[in-house]
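Peer 1: Have a look at this one.
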Amino acid sequence: MNRAELKQRKLDATSVRLEGMTLPAGAAWAEALRQDALSRLLAMGLPQGRDEYWRWTRPDTLNADAAKPAVVFHADEAPVFSGIDRIKLVFVDGVFDAEASDALEGENLEIMRLSDALSADIHWVKDAYGVQEKKAQEPVERPFATLNTAFATDGVVIRATGKVAKPVSLVYLHRDETSDAILHHVIRVEDGADLTVLENGPAAARFNKVMEVEVSDKAAFHHVRAQGRDHERRAVTHVFATIGQEALFKSFTMTANGVLTRNEVVLDIQGDDSMAHVAGAALGDGDFHHDDTVFITHDAERCESRQVFKKVLRNGAKGVFQGKILVKAGAQKTDGYQISQGLLLDGDSQFLAKPELEIYADDVACSHGSTVGAIDEEALFYLRSRGVPTAEATDLLTLAFLAEAIEEIEDEAIAEDILHRLEGWLTRRRVG
Amino acid sequence: MLEIKNLHVKLEEEDKQILKGVDLKVGEGEVHAIMGPNGSGKSTTSYVLSGRDGYEVTEGEVLLDGENILELEPEERAAAGLFLAFQYPVEIPGVGNMTFLRTAVNAQRKARGQEELSATDFLKEIRAKAKSLKIDAEMLKRPVNVGFSGGEKKRNEILQMAMLEPKLCILDETDSGLDVDAMKLVSEGVNALRDGKRSFIVITHYQRLLDHIKPDVVHIMSNGRIIKTGGPELALEVENNGYADLLAEVEGA
Ligand SMILES: Nc1ncnc2c1ncn2[C@@H]1O[C@H](COP(=O)(O)OP(=O)(O)OP(=O)(O)O)[C@@H](O)[C@H]1O
Ligand SMILES: [Mg+2]
C-alpha cells in the first residue's frame, strides 16, 4: 500500500465513523472550535493498522460506525474510591447525571458541565478547549482526540484556585450495551492550587475520553484512575497536560480487564523545576489488549519526569507500551526516567514495548529500560518452602512487581484503596 | 521422625547423578549434623527434601512421620512440618518481610485446619521473637532479605523458623557468614526451639557451631552418600584432620 492509498483508507474510515454524526450546538466560539477540529480530523483521517503509531493496537473497532455491544458488568463489590471523601460526579453512558452527583461546588473550586461552559457567551474555557489536543498533533497525529474535541457531548470544566480539600471524583457508569460515549474534560489548576481528580468505571461499550489539564506555576495536580473490571469495554483515552514552573503533575492508572484500552498521555513541561510522573499497573487475562502510549516533552530546565508502567498478562493477553521522552534544546539538567515491564504468567501472552529517547540538550540524565519476564522461580520456591501455596505466592510476587507503579500514588488512602482492589482482583481470579 | 532411604537423585536437565544412595534416620527430638566436602550433595539433599524443582528422584524414598513426602508440593511439605533454612536466602524485592511471614504463618495454619492468627497476636509474637534474635523493627518492614547483610539474612531465616514452628528443621550452613556474636544468637535461637520433640539437621563445615548446638549424631557426606556416622567426636576429628583420612578409609574399605 502506498502513501496515497493509506491516506485514502484513513479518509474512508473517517466517513464511515462520522456517518450520521452532527456537531453539538453551543456558543458561536464553541461551534467554531468544534468545526476547526472536524476540519482537522477530515484532513488527517482516522488511524489504520498501517500507521506506525498503531502498529500494535488495532484501531478497527474504534473506527467502526457503531460501538460493538458490551455486556454490562455487575461488580460484586463497592466501586473503587467509595470510601474516599470526595466530590462525586456521575456520568451514565457518557451523560452527566445531576441527580446522582454531588453539587458542582467546593472551596477553591469552580466546576461546570462542559455543555454549559461551551454554551456561555464568555468563559475561560474558550482559550483552553481543544487547545492542547490541537498542539499535541505534532509530531504524532492523535485523530481520536481530535474526533473527541469535535463531537464530545459531555464532560466537566474544572478550575482550582487554591488547595481543593476533596478530590473530584468522576464516576462513569455503563448501563446500555451499545453506548458510545465521548467525554471531554478541561481542567485548570491555577498558580499555587492543588487538585486531585479520580476517575473510575467502565463508562460505555465504547468510550472516547479526553482530559486537558493546565498545571500552572507552583500548582499540583494528582490524577488517579481505575479502569475495569468490566470485560468487554473498548476505550481510547487521552490526557494532555502543560506543566508550569515548580509544578507537580502525577497520574496513575490501574487497569483490569477490557478487550481494548489505549491510554495516551501527552505532557508538555514548560516551566523550570517541575515534576511529571505517569504510572500504570495493568492486569490482563485472556481477551485483553492494553496500550499505554506516552509522550513527554521537556522544554524547561531542571525538570524531572518518570514513567513507570507494569503489566501482568496471562491467557493470551497483550500489553503494549510506547513511551517517548523528548528533551528540547535548552532543557538542561533534565532528569528523565522510564521503565516498562511485562510480567507474563504464561507462554501465550505478549508484551511489546517501544521506548524512545530524543535529546537535544547536552546536560541531561535520561534512562529507560524495558523488560519482559516470568515469575522469578527462586523467589517462588522460597515462598512455597515457607508454606505459601503457589497461587498465593504468585500473587504476592505479582503485587511486588506492580509496587513501583503503585508507589507513584501520593495519597495514602487512595493508594491503599487501589492496592486493595488489585489484591481483590488477584484473589478472585485465583478462587474463580 | 525422618527417614531417608536409599535416595538417588539426578539433575532433571542433565544426566548427572548427585545423590547416590543416601540413608539417614533422624529420631524425634534429635539433632543430627551433616558435614562433608564442598559439592558432596548436602544442599542437594536439603533441596530435594523441601521439594525444589530441577531434581529427579530415581530411587528411594523420604518418610516424614511415616508419610512419603516426595509426592508433596513444597508448600505441603512445609505444612507437614518441614523447614529449610537456606544456605543462600532469596531476596524478594517488593514483598515486605512482615507480610511474607504473616502470609506464610497463616497459610500453614490454614493447611492444618487452624484459625488464622489475628494481626495483633501475630505482631506480638513476631516482635518478641525478632527481639531475641536482635532483628529490629525496621528490618521487619523491609522487603524480604533485600539489602540484608549475610548475617542478617541468616538471622532472618531463624526468625522464620521460630515463627513457623516446624517439626523438622534443616539448617544449611546457617553459620557461614556469621560473626561470633551472631553465631551465639542464632544458636540460642535454635536451642530455644529444642523441646525434645522437634528434630534438627544441621549442615555445617565447622565444629564451632556444634559447640553451641550439640548434635546427637554426626554424619559425613561424600560424593552423594553418607560415608560415616558417629557421635560428636566425629566433628572434632574432621576439624582436626580434614576429610582425607575419612575418605581414604571408605575407599579402602
Ligand atoms: N542445578 C544444578 N546444576 C548443576 N549442578 C548442580 C546443580 N545442583 C547441584 N549441582 C552439583 O551437585 C553437586 C552437589 O552440590 P551441593 O550444592 O549439594 O553440594 P554441597 O555439599 O552443599 O556443597 P557446599 O558445601 O559447597 O555447599 C555439586 O557438584 C554441584 O555442582
Ligand atoms: Mg551447600
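Peer 1: Quick one: compute the contact order of the stretch A:33-155, relative version, from alpha carbon pairs under 8 angstrom and 6+ residues apart, as a percent.
Peer 2: 37 percent
Peer 1: Per the 1.4 Å probe, what fraction of the accessible area of the protein assembly as shown, in percent, lies on carbon and sulfur atoms? Each step should come with its number before you reach the end.
Peer 2: On the way: 13190 of 27700 Å².
The C+S portion of the solvent-accessible surface of the protein assembly as shown is 48 percent.
Peer 1: Now for a separate question. Could you give the length gained on full extension between B:Glu138 and B:Asn223, defined as 0.36 nm per residue of separation minus the Cα-Cα distance, in nm?
Peer 2: Working: separation 85, 0.36 × 85 = 30.60 nm, distance 4.25 nm.
Working it through step by step, the gained length comes to 26.3 nm.
Peer 1: Counting pairwise Cα distances across the stretch A:157-207, what percent come out greater than 12 angstrom?
Peer 2: On the way: 865 of 1275 pairs.
Beyond 12 Å sits 68 percent of the P(r) for the stretch A:157-207.
Peer 1: For the stretch A:48-94, count the residues as N, evaluate 2.2 N^0.38 Å, and divide the Cα radius of gyration by that value, please.
Peer 2: My calculation over the Cα atoms of the stretch A:48-94 gives 1.79.
Peer 1: Per residue, how big is the convex hull of the stretch B:140-253 when only Cα atoms are used? Give it in Å³.
Peer 2: Looking at the stretch B:140-253, the number lands at 125 Å³ per residue.
Peer 1: Taking beta carbons within 10 Å but only from partner chains, what does the mean come to for residues B:95-103?
Peer 2: 4
Peer 1: Can you pull a Stokes-Einstein diffusion coefficient for the stretch A:115-266 at 10 °C (1.306 mPa s), Rh from Kirkwood over Cα pairs, as a whole number of µm²/s? Provide the component values of the computation, followed by the final result.
Peer 2: On the way: Rh = 15.8 Å.
It diffuses with D of about 101 µm²/s by this estimate.
Peer 1: Moving to a separate point now. Summing +1 for each Lys or Arg and -1 for each Asp or Glu, what net charge is found among the other residues whose Cβ lies under 11 Å from the Cβ of A:Gly130?
Peer 2: +1
Peer 1: Now a separate question. Given H placed on each backbone N at 1.01 Å, which residues far from B:Gly21 in sequence or on other chains put an amide H within less than 5 Å of it?
Peer 2: B:Leu7, B:His8, B:Val9
Peer 1: With a sphere of radius 9 Å drawn around the Cβ of B:His205, what net charge do the other residues whose Cβ falls strictly inside it have (Lys, Arg +1; Asp, Glu -1)?
Peer 2: Residues close to B:His205 contribute a combined charge of -2.
Peer 1: Calculate the radius of gyration of the Cα atoms of the stretch A:287-432 to one decimal place, then report Dmax, the largest Cα-Cα distance, as a whole number, both in Å.
Peer 2: Using the Cα atoms of the stretch A:287-432, the pair Rg, Dmax is 17.8, 56 Å.
Peer 1: How much accessible area per residue does the stretch B:27-170 have, counting only protein heavy atoms and a probe of 1.4 Å, in square angstrom?
Peer 2: Here the residues of the stretch B:27-170 average 41 Å² of exposed surface.
Peer 1: Further question: Which one of A:Val90, A:Ala30, A:Ala66 is farthest out on the positive end of the charge dipole of the stretch A:21-123, using unit charges on Cβ (Lys, Arg +1; Asp, Glu -1) and the Cα centre as origin?
Peer 2: A:Ala66
Peer 1: Can you bin every Cα-Cα distance in the stretch A:143-186 into 5 Å intervals starting at zero and give me the percent of pairs per bin, rounded to whole numbers?
Peer 2: 5, 15, 22, 21, 17, 11, 7, 2, 0
Peer 1: Continuing with the same structure: Using Cα pairs closer than 8 Å and at least 6 residues apart in sequence, work out the relative contact order for chain A, in percent.
Peer 2: Relative contact order, chain A: 10 percent.
Peer 1: Using each residue's phi in the stretch A:201-212, evaluate 6.51 cos²θ - 1.76 cosθ + 1.60 at θ = phi - 60° and report the 3J(HN,Hα) Karplus result to the nearest Hz, with x for Gly and Pro.
Peer 2: Rounded to whole hertz, the list is x, x, 6, 5, 5, 10, 10, 10, 9, 10, 10, 10.
Peer 1: Okay, moving on. With all distinct Cα pairs included, what does the Kirkwood hydrodynamic radius of the stretch A:230-315 come out to in Å, to one decimal, could you say?
Peer 2: Here the Kirkwood hydrodynamic radius works out to 13.7 Å.
Peer 1: Further, regarding this structure: Could you go through the stretch B:179-189 in sequence order and give the Karplus-derived ³J(HN,Hα) for each residue, using 6.51 cos²θ - 1.76 cosθ + 1.60 with θ = phi - 60°, rounded to whole Hz, and x for Gly and Pro?
Peer 2: Here the 3J(HN,Hα) series is 7, 4, 5, 5, 4, 5, 4, 4, 4, 4, x Hz.
Peer 1: Here's a follow-up. Scaled to the compact-protein estimate 2.2 N^0.38 Å, what is the alpha-carbon radius of gyration of the stretch A:219-365, rounded to two decimal places? Mind showing how you got there, number by number?
Peer 2: Working: Rg = 15.8 Å, N = 147, 2.2 N^0.38 = 14.7 Å.
Cα-based Rg divided by the globular estimate yields 1.08.
Peer 1: Next question. Share of Cα-Cα pairs in the stretch A:52-166 beyond 23 Å, in percent?
Peer 2: Looking at the stretch A:52-166, the distances longer than 23 Å represent 50 percent of pairs.
Peer 1: Do me a favour and compute the ellipsoid semi-axes for the protein assembly as shown from its Cα gyration tensor, root of five times each eigenvalue, largest one first, whole Å.
Peer 2: 60, 25, 23
Peer 1: Using a cut-off of under 17 Å, list every residue of the stretch A:251-293 whose amide N is near the label point 7 Å from the Cα of A:Lys354 along the Cα-to-beta-carbon line.
Peer 2: The answer is A:261-266, A:290-293, whose backbone nitrogens lie closer than 17 Å to the label point.
Peer 1: Same structure again: When the expected Rg is taken as 2.2 N^0.38 Å, what fraction or multiple of it is the alpha-carbon Rg of the stretch A:354-404?
Peer 2: Scaled against compact globular proteins, the figure is 1.78.
Peer 1: Enumerate the helices in chain A for which the Kyte-Doolittle hydropathy averages 1.0 or more and the C-alpha atoms extend at least 18 Å along the helix's axis, using complete DSSP H runs.
Peer 2: Long hydrophobic helices here: A:390-406.
Peer 1: Nearest 100 Å² is fine: how much accessible area is buried between B and A, summed over both sides, with a 1.4 Å probe?
Peer 2: By this definition, chains B and A bury close to 1900 Å².
Peer 1: Obtain the nm distance between the two label points defined at B:Tyr88 and A:Ala391 by a simple spin-label model: each point lies 7 Å from its Cα along the Cα-to-C-beta direction.
Peer 2: 3.2 nm
Peer 1: In debye to the nearest 20, how big a dipole does chain A give about its Cα centre with +1 on each Lys and Arg Cβ and -1 on each Asp and Glu Cβ?
Peer 2: Values: 48 positive and 71 negative charges, 256 e Å.
It comes to approximately 1220 debye.
Peer 1: Given the convex hull of the Cα atoms of chain B, what is a quarter of its surface area in nm²?
Peer 2: That works out to 13.8 nm², a quarter of the Cα hull's surface.
Peer 1: Follow-up. Between B:Ala128 and A:Glu110, what FRET efficiency follows from the Cβ-Cβ distance if R0 is 60 Å, with the result rounded to 0.05?
Peer 2: Working: r = 56 Å, r/R0 = 0.93.
E(calc), rounded to 0.05, equals 0.60.
Peer 1: Here's another thing I want to ask about it. At 0.36 nm per residue, and after removing the present C-alpha to C-alpha distance, how many nm does the segment from A:Ser15 to A:Ala27 gain when stretched out fully?
Peer 2: Here the segment from A:Ser15 to A:Ala27 would lengthen by 1.7 nm.
Peer 1: Sticking with this one: Give me the dipole magnitude in Debye, nearest 20, for the stretch B:32-128 about the Cα centre, with unit charges on the beta carbon: positive for Lys and Arg, negative for Asp and Glu.
Peer 2: Details: 9 positive and 15 negative charges, 109 e Å.
Approximately 520 debye in magnitude.
Peer 1: Moving on. Treating the stretch A:215-259 as a set of equal point scatterers at the Cα positions, no solvent, please give the Debye-formula log₁₀ I(q)/I(0) at q = 0.20 Å⁻¹.
Peer 2: Reported log10 I(q)/I(0), two decimals: -0.69.
Peer 1: Separate question: Work the Kirkwood hydrodynamic radius out for the stretch A:284-335: mean of 1/r over every pair of different alpha-carbon atoms, inverted, in Å.
Peer 2: For the stretch A:284-335, the Kirkwood estimate is 12.8 Å.
The values are calculated or read from the model by the stated rules, or taken from the named source; none is laboratory data. Just so you know, these numbers come straight off a predicted model, no measurement behind them. In this analysis, Cβ positions are derived from the backbone assuming ideal geometry, glycine residues included, and neighbour counts consider all displayed protein chains. Heads up: the accessible areas ignore ligands, DNA and RNA and are worked out on the full protein's heavy atoms, side chains in. Shrake-Rupley method; radii C 1.70, N 1.55, O 1.52, S 1.80 Å.
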